[in-house]
Amino acid sequence: MTAGLGLPWPASAVRGQDGAVSVAGIDLRELAASHGTPAYVLDEDDFRTRARTLRTAFEAAFGEVDIYYAGKAFLSVAVARWAHEEGLRVDTSTGGELAVALRAGLPGSDIGLHGNNKSDTELVRALDAGVGRIIVDSLPELDRIAALVRERGGDPAPVMIRVTTGVHAGGHEFISTAHEDQKFGLSIAGDDSPALTALLRAVELPELRLLGIHSHIGSQILDPEGFTVAARAVLALRAELAARTGVLVPEVDLGGGFGIAYLPGEVPLDPERMAKDIAAAVTDACAELGTPAPRLSFEPGRTIVGPTTLTLYRVGTVKPVRIDDGRVRTYVSVDGGMSDNIRPALYGAHYTAALMNRPGSADTMLARVVGKHCESGDIVVHEVQLPVDTRAGDLLAVAATGAYGRSMASNYNHVPRPPVVAVREGAARVLIRRETEEDLLGLDLG
């Protein structure tokens with residue numbers, strides 16, 4: 001008899017009669033023996049199902065809608081292909097991400113390029129690839145793109161203007177992106193706002209094709225109300241541009257940031273409810289403004305890939321420590337750490353963990369899962385109840401690490417980055433191989 005682990009673990013994660021966990025039919029003990037630890041283990045069918053479910057929910061609410069998978073969450077050649085095969089386009093935020101999407105064989109028209117400080121090299125690559133849209137983040141960028149189009153010739157560049165609506169949504173301030181005092185976008189505040197100025201400039205430039213307005217309000221959002229408020233603000237700006245110029249832009253992008261469950265008991269943002277709420281807000285706002293509804297687009301990343309992946313570690317040192325209130329906290333050290341998941345150290349993100357190779361004792365202890373790096377802040381899981389008999393050699397996994405785990409990974413302390421291993425229908429394959437010391441030394445020219 002097996003039992004599914006449930007949220008926040010991958011959909012196919014089950015614990016068998018012997019207490020060991022398998023994902024997509026792969027015993028994690030066997031995977032660790034074959035591929036080593038630490039390792040990111042990605043459930044391919046879970047990824048595909050989440051992409052398909054989200055697309056279906058938004059199509060039901062909006063009819064025609066474009067869903068861009070936000071590659072910044074995690075991108076590899078295979079993942080870009082999976083997203084595209086499930087009917088999604090791919091959003092990139094750097095030239096490197098654009099290169100991955102192109103290597104995956106995606107047509108340029110199904111790729112978007114973001115970035116608050118794009119280089120000319122990145123812009124030229126995007127223009128050469130025929131990307132479907134460039135998200136413009138500042139007024140000078142409009143003139144830079146126009147100049148590149150003039151130099152190279154060819155069709156006008158398709159652009160959207162990223163605006164900040166003042167809606168504060170999501171978790172830590174580092175991942176809230178629509179407040180005024182930060183680097184992204186152009187404010188809509190004021191009669192002659194920076195956002196409106198940029199839109200007017202885009203209309204004037206013959207080298208540009210103004211597709212629409214883009215808004216992204218934050219990350220790890222668990223209440224759809226922020227999206228509805230932002231939508232009304234963006235649609236009002238769209239109507240104002242039309243009143244001034246006669247140009248009613250055809251598209252509006254409301255970004256991503258849809259929240260997921262990281263801990264047992266947390267409730268992720270429901271795609272169907274969210275899509276219906278936003279669709280109703282758009283319909284009402286357009287009726288009030290007297291404008292037809294635009295074509296909508298969204299950029300989910302975390303909600304698709306985040307829950308599909310766990311990070312598998314091997315336990316090393318186990319050390320009980322008496323803390324100030326008299327309790328004992330046991331520090332459980334693993335063979336990875338902040339180099340493969342910087343989020344807990346960077347902005348206090350919370351995760352859960354569990355033994356994977358056996359059930360462990362029914363009695364639990366207050367534990368903190370920490371890494372092997374030379375930092376006291378090298379924390380993987382701040383607080384979790386683990387079996388009291390957790391010991392060196394055990395396999396321990398952390399759930400919901402698919403988003404921003406590998407994509408923000410580093411070589412701190414010269415630790416090679418782990419592999420990404422996809423599992424599906426009882427088979428495993430490496431999507432990104434484990435780095436080696438030879439890889440690191442190969443960059444050092446002495």
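The values are calculated or read from the model by the stated rules, or taken from the named source; none is laboratory data. None of the values given here were measured: they were computed from a predicted structure. No Cβ is skipped: glycine too gets one built from the backbone with ideal geometry, and neighbour counts run over all protein chains shown. Quick note on the areas: whole protein, heavy atoms, side chains included, nothing else; ligands and nucleic acids left out. Shrake-Rupley method; radii C 1.70, N 1.55, O 1.52, S 1.80 Å.
Observations
- If a spin label sat at a point 7 angstrom from the Cα of Ala392 along the line to its beta carbon, the backbone N atoms of the range 332-375 nearer than 16 Å would be those of 332-336, 372.
- Size of the range 338-446: Rg and Dmax of its alpha carbons, in Å, are 15.7, 53.
- Cα gyration tensor shape for the range 228-357, rounded if a/c is under 1.5, else prolate or oblate: prolate
- Euclidean distance of C-alpha centroids, the range 264-303 and the range 317-357, integer Å: 37 Å
- Note on Ala99 and Ala33: their simple-model spin labels are 3.8 nm apart, each label 7 Å out from Cα toward Cβ.
- The range 205-260-the range 1-56 distance, computed between alpha-carbon centres (Å): 37 Å
- Val203/Thr49 FRET efficiency (R0 56 Å; Cβ-Cβ; nearest 0.05): 0.85
- Student exercise, the range 232-303 dipole from Lys, Arg, Asp, Glu Cβ charges, in Debye to nearest 20: 160 debye
- Rounded accessible area of Asp18 (nearest 10 Å², 1.4 Å probe): 80 Å²
- Rounded, prolate or oblate (a/c below 1.5 giving rounded, otherwise prolate when a/b exceeds b/c) for the range 67-220 by Cα gyration tensor: oblate
- On the beta carbon distance between Ala60 and Glu435, with R0 = 30 Å, the FRET formula returns roughly 0.10.
- Residues of the range 31-72 with amide N under 16 Å of the 7 Å Cα→Cβ point at Ser109: 65-67
- Phi-derived couplings, Karplus 6.51 cos²θ - 1.76 cosθ + 1.60 at θ = phi - 60°, listed residue by residue for the range 5-19: 6, x, 5, x, 8, x, 4, 8, 6, 9, 9, x, 4, 8, x Hz, with x used for Gly and Pro.
- Spin-label model distance (nm) - Arg144 vs Leu445, 7 Å beyond Cα toward Cβ: 2.6 nm
- Cα-based shape type of the range 1-92, given that a ≥ b ≥ c are square roots of the gyration tensor eigenvalues and the cut on a/c is 1.5: oblate
- Computed over the chain with a Gaussian network model linking Cα atoms closer than 10 Å, the most mobile of Lys183, Lys372, Lys72 is Lys183.
- Longest to shortest principal axis, alpha-carbon extents of the range 370-434, angstrom: 34, 29, 22
- Relative intensity, log₁₀ I(q)/I(0), of the range 243-310 from a Debye sum that treats every alpha carbon as a point, q = 0.11, 0.14, 0.27, 0.29 Å⁻¹: -0.39, -0.57, -1.26, -1.35
- Helix runs (DSSP H) in the chain reaching 24 Å along axis by Cα, Kyte-Doolittle at least -0.5: 225-245, 271-289
- Each of Thr121 and Asp223 was given a label point 7 Å from its Cα along the Cα-to-Cβ line. The distance between the two points is 4.4 nm.
- Legend: P(r) of the chain from all alpha carbon pair distances, 10 Å bins from 0, whole percents, reading 4, 20, 29, 23, 15, 7, 2, 0.
- Ordering Gln17, Leu31, Thr49 by Cα displacement along the dipole of the range 6-55 toward the positive end leaves Thr49 in first place; charges were set at the Cβ atoms of Lys, Arg (+1) and Asp, Glu (-1).
- Virtual paramagnetic centre 7 Å along Cα→Cβ of Ala427, amide N under 15 Å, in the range 18-42: 24-26
- Overall, the range 356-427 carries a charge dipole of about 260 debye about its Cα centre when +1 sits on the Cβ of Lys and Arg and -1 on the Cβ of Asp and Glu, all other atoms neutral.
- Charge dipole magnitude, Cβ of K and R +1, D and E -1 - the range 292-411, Cα centre, debye nearest 20: 140 debye
- Ligands, DNA and RNA excluded, the heavy atoms of Ser410 present near 40 Å² of accessible surface to a 1.4 Å solvent probe.
- Distant-in-sequence amide contacts of Leu186, defined by a placed amide H-H separation under 5 Å and a gap of 5 or more residues or a different chain, comprise Val163, Thr164.
- Here the chain carries DSSP beta bridges of which approximately 45% are antiparallel, counting only pairs with both residues inside.
- Unit charges at the beta carbon, dipole of the chain: most positive-side option, Val328, Ala60, Ile260: Val328
- Residues whose amide H lies under 5 Å from that of Leu208, counting only those 5 or more places away or on a different chain, are Ala157; hydrogens are built 1.01 Å from N in the peptide plane.
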